[in-house]
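Participant: Got a structure for you, questions after.
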Amino acid sequence: MPLSYLLRRLAVFLIIIWVAATVNFFIPRLSGADPVRERLLQMAAIGGTGTGTVEEVIKTYQAKFGLDKPLWQQYLFYLGDMLRFDFGVSITRFPNSVAGMILDALPWTLVLVTVATLMAFAVGSLFGALVAWPRSPRVVHVLAPPLLTLSAIPYYLLGLVLVYFLAFSWRVFPLGGGYRVGTQPSWSWAFIQEAAYHSVLPALSIILSGIGFWALSMRGMMVTTQGEDYVTFAEAKGLRPRRIFFRYALRNAILPQTTALALALGHVVSGAVLVEIVFGYPGVGNLLYQAIRTFDYPIIYGVTFMVIVAIGLATLILDLLLPVLDPRITYHRT
Amino acid sequence: MNDVSPRLGQPRAAEITRQDEEAGVMLQVRDLRVSYLTSRGAVQAVNGVSFTLRRGEALGLVGESGSGKSTIALALMRLIKPPGVIEGGQVFLDGRDILALPDEEMRRLRLAEIALITQGAMNSLNPVMRIRDQIIDAWREHGEVVERGEAEERVRDLLRWVGLRPEVARMYPHELSGGMKQRAVIAIAISLRPKVIIADEPTSALDVVVQRQIMQTLRRIQRDLGAAVILIGHDMGLMAQFVDRLGVMYAGKLVEVSPIREIFREPLHPYGELLIASLPSLARKAEFQGIPGLPPSLLDPPPGCPFHPRCPHVMERCRVEVPVLELKRPHRWVACHLYQVEEGSA
Amino acid sequence: MTAVSVSLERRQSRIGRVVGGLRAYPMLVAGLALIGLVLLVSAVGPLFVPREGVEVGSAPPDQRPSREYLLGTDTVGRQILAIIVYGTPLTLQIGLIAGAIGLGIGMLFGFVAGYYGGTVDHLFRGAADVFLTVPGLLILVVIATTFKGAVSVMTQALVVSALAWMYPTRTIRSQVLSMRERGYVQLAKLSGMSGPEIIVKELIPNLLPYLAASFVSAVSAAILASIGLEALGLGPQNEPTLGMTIYWSLYYTSVLRNLWWWWSPPIVMIVIIFVGLFLISAGLDQVANPRLRRAV
């Protein structure tokens, strides 16, 4: 793979990260004051038994960011910290480092989102392709409307409904969390099983909602592809319908569909975050939720940045994968 | 594949003319009707077209856009999709009515016995498959089992036959020029040595030099194969150089079918006359002559002869009575009230 | 025939044509019907349901649906029926305002990028792509937590509109790119029309179905983002919007306490809105792209 292509894609990746970090830096300060500082002072003002801890936090904070220094210097320090993934310490759970907390929560989210999204994408795309194909079996057309309707429901609301019916009314699945209360996370097989069991409902809400979305998108692509001349010519060649479906129609429609996946990642992750809240799932989404409730800004910014990095990375991988799928994409164009 | 089962659409004996029996008729189209169902009604794209095609013959079909030429091509391959529908007629390929065949049998006929070279080869090749794979998969799907080595060689021979370098086999379509893509499409179309080849405007999107080369290749291949060819287009000059007989289409109907030289020498149907008159000539300098008026709406065609609103020789009869395509002169079929059936033509 | 009866006939036949036309797009009609239902509830509801029901403590808490409280009450004594009736229009309002802003920005960026091309194109398109990649909700969280405190419906709409312009920009841009080379555009250019003139007089009228579809999807995205924000608790605190209702129901663990009447009406309403918007946009897609229509 020519170096220029790789470098160009990497550059895009870095720009996204830089934009994210900058947005994270400037927006909070738009209100005039530094929210973290405000919050800390607020906590200090409340006083009481927590004062000693808060003062330590303030001292650490001031030493770190040097609030007397001019803004651009703060910005540079900030960028340096971001590059080292140093997000500071949590205000409410001092002295836990934000990076450490994120690292604990990240695997849960990563596994849940990746597995659920890939499943939804694969099943949904195939289903959508079949819906668009005139010769597909009847069951496809029967299942289509309910699945498409499901796609209109945001993940987390679907999650709510699932929790009520499958966890509360019928105790088929656990009510939430990543594992039973009291269990210690470990790499043992028993724990993994338990975690998987707890992940079924959250994953299901993402998958059911996602299938409808990807099916719809794929259907549109397939309709366009089926109208192309090469499909007509494939039929004129006397190829069997199954071969035309897979090698001529689907194979071409999957290209814009993959691009759509790259673009939808932000949306997917946003939804997953909310799903975690509904299920109390110990991922970064829940971390964020708790942080919002207590205005624990370092965590909020840290999570936002990490998620953007993760998405940027995933987009980069997809971008590098696309030329493998589509021989028309030469490495020399933007 | 060549046996004519008595149950599968064998034409009734009384209707086969002497000419058919003599000349080895490959394709016989009888009263083909194709329409497109739109929300505003049915559009009659092909309105009762009949013609025969003999082995080794080249028949041209000319007409303005919307005259139904490409629709005929698709109909003959049974590739008409909704909202289009073949409403009636019969198409006998080597004696078998292919319109009455079940889908799977028709599939097997495609490419093996009747092949289509599509309009605009720019898009006819699958962008994500190499050329050789697109040639080979057709063979596999028609029951020809070939192992790699033999397949590679056959592909190379085929490419050479259409004038392409053997390296093309490994390439993707986007790496080829327009002319090369067209040759690749031709290669695929002839790879199973079909009896009938339909070429739908094979050179329209190419520049003149490449056009000539492609047509020469096509003619050479036709002679080598002994196949019957239907060439669809709107370039009269190209027709003059390539076909034996020419069919003129107007508003979904065939208005004249004549040997090519005779139609140029003395076009019978007024539309054909205007078409030829509109060709620029090196011999005399004159103004550009178009054909006044617009093609009729196929949704709501005019009564009587569809050409009558634009016809310089229109008579009262033309406004009410639809002319029938008949053999008015020896070897010349015209649908026009100007001509009576001459003695000794039928 | 008199002039009056002629114009009446003409109007009737035009209505007939519109009705006939609509019949060809069942999805569009179904979507409009659903949204119409929602609008009906918002418009007519306040006539029958007193606004006090929305206030905390207006009724005994945790009541199941009964004849007195049709949809029951929540843990702090609000009546769910009133919340639905008064909260739905708020959610719609946010969506419409943010959607309109999103469409406006999208049109500006999309037309300029598609028509003028070059660096401007790269800039706008790049911006849209970057913002699409970034998980918008998180950015909104950052924005919202900064300006914590009194977030009004209007502010919410403005904040959410930051996420609603990307798809319209992309759709409009790609349409303009393909239209730019068409005959009538070239003709307009040759006859001396200026860029903006061409955009307004030639391109926009031809893109109306796409613009309408973009608007609908912008509204949909805006409502989705706004409900997401609210479910996190970052919406207008004192307004009974649908998202905030869900937030409160989660906050008070309504699922575990089997207060199903608290969270299900908002979800039903949200689903109706989204399915309706989705059907409308699918229907508009059919208007714009005849190939997607079913054969009549």
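Participant: Given the criteria open to solvent by less than 40 Å² (accessible area, probe 1.4 Å), modelled with pLDDT of 70 or more and over 18 Å from A:Ala291 (Cβ atoms), does A:Arg9 qualify?
Facilitator: Answer is yes for this residue.
Participant: A further question on this structure: Check off (1) in a helix (DSSP H, G or I); (2) away from chain A (no Cβ under 14 Å) for C:Ala127 and give me the number that stays unchecked.
Facilitator: (2)
Participant: While we're on this one: Look at the stretch B:158-184 and say how many of its residues are out of contact with any Pro (no Cβ under 8 Å at 6 or more places or on another chain), within 18 Å of B:Met129 (Cβ to Cβ) and part of a helix (DSSP H, G or I).
Facilitator: Number satisfying all stated conditions: 9.
Participant: Filter the stretch C:239-265 down to residues that are polar (S, T, N, Q), more than 20 Å from C:Ser66 (Cβ to Cβ) and without any contact (Cβ under 8 Å) to a residue 24 or more places away in the chain, then give me how many there are. Even if it seems obvious, please write down each step before you answer.
Facilitator: Going through the stretch C:239-265, the residues polar (S, T, N, Q) turn out to be C:241, C:245, C:249, C:253-254, C:258, C:264.
Applying the additional criterion that residues be more than 20 Å from C:Ser66 (Cβ to Cβ) yields C:241, C:253.
Remaining after also requiring without any contact (Cβ under 8 Å) to a residue 24 or more places away in the chain: C:253.
Matching residues across the stretch C:239-265 total 1.
Participant: Moving on. Hey, which of the helices (runs of 4 or more DSSP H) in the stretch C:195-296, taking only ones fully inside, have at least 1 residues that are out of contact with any Gly (no Cβ under 7 Å at 6 or more places or on another chain) and under 16 Å from A:Ala152 (Cα atoms)?
Facilitator: It comes to C:208-231, C:260-288.
Participant: If you go through the stretch B:52-77 one residue at a time, how many are assigned to a strand (DSSP E or B) and either modelled with pLDDT under 85 or within 11 Å of the chain's Cα centre (by Cα) (or both)? Can you show your working first?
Facilitator: From the stretch B:52-77, those assigned to a strand (DSSP E or B) are B:52-54, B:58-62; that's our starting set.
Restricting the remaining residues to those that are either modelled with pLDDT under 85 or within 11 Å of the chain's Cα centre (by Cα) (or both) gives B:53, B:58-62.
Counting residues in the stretch B:52-77 that are assigned to a strand (DSSP E or B) and either modelled with pLDDT under 85 or within 11 Å of the chain's Cα centre (by Cα) (or both) gives 6.
Participant: Then there's this: Any residue at all in the stretch B:309-324 that's in contact with a strand residue (DSSP E or B) (Cβ under 9 Å, 6 or more places away or on another chain), within 24 Å of B:Val46 (Cα to Cα), modelled with pLDDT of 85 or more and outside any loop (DSSP other than H, G, I, E, B)?
Facilitator: Checking the stretch B:309-324: not a single residue is in contact with a strand residue (DSSP E or B) (Cβ under 9 Å, 6 or more places away or on another chain), within 24 Å of B:Val46 (Cα to Cα), modelled with pLDDT of 85 or more and outside any loop (DSSP other than H, G, I, E, B).
Participant: Is one or more of the residues making up the stretch C:168-189 modelled with pLDDT of 80 or more and either of a type in the set (Lys, Arg) or not in a helix (DSSP H, G or I) (or both)?
Facilitator: Among the residues of the stretch C:168-189, at least one is modelled with pLDDT of 80 or more and either of a type in the set (Lys, Arg) or not in a helix (DSSP H, G or I) (or both), which makes the answer yes.
Participant: The conditions are (1) within 9 Å of chain A (Cβ to nearest Cβ); (2) more than 19 Å from the chain's Cα centre (by Cα); (3) open to solvent by 30 Å² or more (accessible area, probe 1.4 Å), and C:Trp263 fails exactly one of them. Which is it?
Facilitator: C:Trp263 satisfies all of (1) within 9 Å of chain A (Cβ to nearest Cβ); (2) more than 19 Å from the chain's Cα centre (by Cα); (3) open to solvent by 30 Å² or more (accessible area, probe 1.4 Å) except (3).
Participant: Can I ask one more? Could you grab me the full set of residues in the stretch B:78-106 that are part of a helix (DSSP H, G or I) and within 19 Å of the chain's Cα centre (by Cα)? Reasoning before the result, please.
Facilitator: Residues of the stretch B:78-106 part of a helix (DSSP H, G or I): B:98-100, B:103-106.
B:Ile98, B:Leu99, B:Met106, listed by residue number.
Participant: So, of the residues in the stretch A:248-284 that are under 30 Å from A:Tyr197 (Cβ atoms) and among the hydroxyl-bearing types (Ser, Thr, Tyr), which turns out to be surrounded by the most Cβ atoms within 10 Å (Cβ to Cβ)? Steps first, answer last, please.
Facilitator: In the first step, residues of the stretch A:248-284 are kept if they are under 30 Å from A:Tyr197 (Cβ atoms); the result is A:261, A:264-284.
Filter again for among the hydroxyl-bearing types (Ser, Thr, Tyr), leaving A:270, A:281.
Values: A:Ser270: 28, A:Tyr281: 26.
Of everything passing the filter in the stretch A:248-284, A:Ser270 is surrounded by the most Cβ atoms within 10 Å (Cβ to Cβ).
Participant: Among the residues in the stretch C:87-100, are any of a type outside the set (Ser, Thr, Tyr), away from every other protein chain (no Cβ under 13 Å), surrounded by 22 or more Cβ atoms within 10 Å (Cβ to Cβ) and closer than 30 Å to C:Glu197 by Cβ?
Facilitator: Within the stretch C:87-100, one or more residues are of a type outside the set (Ser, Thr, Tyr), away from every other protein chain (no Cβ under 13 Å), surrounded by 22 or more Cβ atoms within 10 Å (Cβ to Cβ) and closer than 30 Å to C:Glu197 by Cβ.
Residue-by-condition table, conditions (1) part of a helix (DSSP H, G or I); (2) in contact with an Asp or Glu (Cβ under 8 Å, 6 or more places away or on another chain); (3) without any contact (Cβ under 8 Å) to a residue 60 or more places away in the chain; (4) charged (D, E, K, R):
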| site | (1), (2), (3), (4) |
| --- | --- |
| A:Asp86 | no, no, yes, yes |
| A:Leu110 | yes, no, no, no |
| A:Thr114 | yes, no, yes, no |
| A:Val131 | yes, no, no, no |
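Participant: Out of the stretch B:133-157, which residues are of a type outside the set (Gly, Ala, Ser), assigned to a helix (DSSP H, G or I) and within 14 Å of chain A (Cβ to nearest Cβ)?
Facilitator: B:Asp133, B:Gln134, B:Ile135, B:Ile136, B:Asp137, B:Trp139, B:Arg140, B:Glu141
Participant: Here's another thing I want to ask about it. Could you identify the single residue in C:Ile227, C:Ile199, C:Ile267 that is modelled with pLDDT under 85 and aliphatic (A, V, I, L, M)?
Facilitator: C:Ile199
Participant: In addition: Considering each residue of the stretch C:201-215, count those that are in contact with a helix residue (DSSP H, G or I) (Cβ under 9 Å, 6 or more places away or on another chain) and either over 22 Å from C:Ala164 (Cβ atoms) or open to solvent by 20 Å² or more (accessible area, probe 1.4 Å) (or both), and give that number.
Facilitator: Residues that pass the stated criteria total 9.
Participant: Can you name the helices (runs of 4 or more DSSP H) wholly within the stretch A:222-334 that have at least 3 residues being within 14 Å of chain B (Cβ to nearest Cβ) and farther than 23 Å from A:Leu112 by Cβ?
Facilitator: A:229-236, A:251-279, A:297-325
Participant: Do the conditions hold for A:Thr232, that is, is it at pLDDT 85 or above and either open to solvent by 40 Å² or more (accessible area, probe 1.4 Å) or not basic (Lys, Arg) (or both)?
Facilitator: Yes; evaluated as a whole, the condition is true for this residue.
Participant: Kindly list, by first and then second residue, each pair from a residue in the stretch A:134-154 that is more than 9 Å from chain C (Cβ to nearest Cβ) to a residue that is open to solvent by 40 Å² or more (accessible area, probe 1.4 Å) and hydrophobic (A, V, I, L, M, F, W, C), limited to pairs with Cβ atoms under 8 Å and residues at least 6 apart or on different chains.
Facilitator: Correct list of pairs: A:Ser136/A:Leu130; A:Pro137/A:Leu130; A:Val140/A:Leu130; A:Leu147/A:Leu208; A:Leu150/A:Leu208.
Participant: Within the stretch C:103-117, track down each residue that is open to solvent by less than 50 Å² (accessible area, probe 1.4 Å) and out of contact with any helix residue (DSSP H, G or I) (no Cβ under 7 Å at 6 or more places or on another chain).
Facilitator: Matches in the stretch C:103-117: C:Gly104, C:Gly117.
Participant: For C:Leu208, indicate whether it is within 14 Å of another protein chain (Cβ to nearest Cβ) and within 18 Å of the chain's Cα centre (by Cα).
Facilitator: No.
Participant: Any residue at all in the stretch C:271-285 that's under 21 Å from C:Val153 (Cα atoms) and either small (Gly, Ala, Ser) or modelled with pLDDT under 80 (or both)?
Facilitator: No, every residue in the stretch C:271-285 fails to be under 21 Å from C:Val153 (Cα atoms) and either small (Gly, Ala, Ser) or modelled with pLDDT under 80 (or both).
Participant: How many of the residues making up the stretch B:29-49 are assigned to a strand (DSSP E or B) and either within 14 Å of another protein chain (Cβ to nearest Cβ) or farther than 25 Å from B:Pro82 by Cβ (or both)?
Facilitator: Qualifying residue count for the region: 7.
Participant: Can I ask one more? Being over 19 Å from B:Ser124 (Cα atoms) and surrounded by fewer than 15 Cβ atoms within 10 Å (Cβ to Cβ) is the requirement here; does B:Gln222 meet it?
Facilitator: no
Participant: Continuing with the same structure: If you go through the stretch A:169-217, how many residues are open to solvent by less than 30 Å² (accessible area, probe 1.4 Å), hydrophobic (A, V, I, L, M, F, W, C) and away from chain C (no Cβ under 14 Å)?
Facilitator: 7
Participant: Right, something else. Report, by residue number, each residue of the stretch A:121-160 that is at pLDDT 85 or above, farther than 17 Å from A:Val273 by Cα and not polar (S, T, N, Q).
Facilitator: A:Phe121, A:Ala122, A:Val123, A:Gly124, A:Leu126, A:Phe127, A:Gly128, A:Ala129, A:Leu130, A:Val131, A:Ala132, A:Trp133
Participant: Let me ask something additional. Given the options C:Val134, C:Val141, name the one that is open to solvent by 10 Å² or more (accessible area, probe 1.4 Å) and more than 14 Å from the chain's Cα centre (by Cα).
Facilitator: Being open to solvent by 10 Å² or more (accessible area, probe 1.4 Å) and more than 14 Å from the chain's Cα centre (by Cα) holds for just one of C:Val134, C:Val141, which is C:Val134.
The values are calculated or read from the model by the stated rules, or taken from the named source; none is laboratory data. In this text, all values refer to a predicted model and were calculated from it rather than measured experimentally. All Cβ positions, glycine included, derive from the backbone under ideal geometry; neighbour counts span all protein chains shown. These area figures cover heavy atoms from the full protein model, side chains too; ligands, DNA and RNA do not enter into them. Shrake-Rupley method; radii C 1.70, N 1.55, O 1.52, S 1.80 Å.
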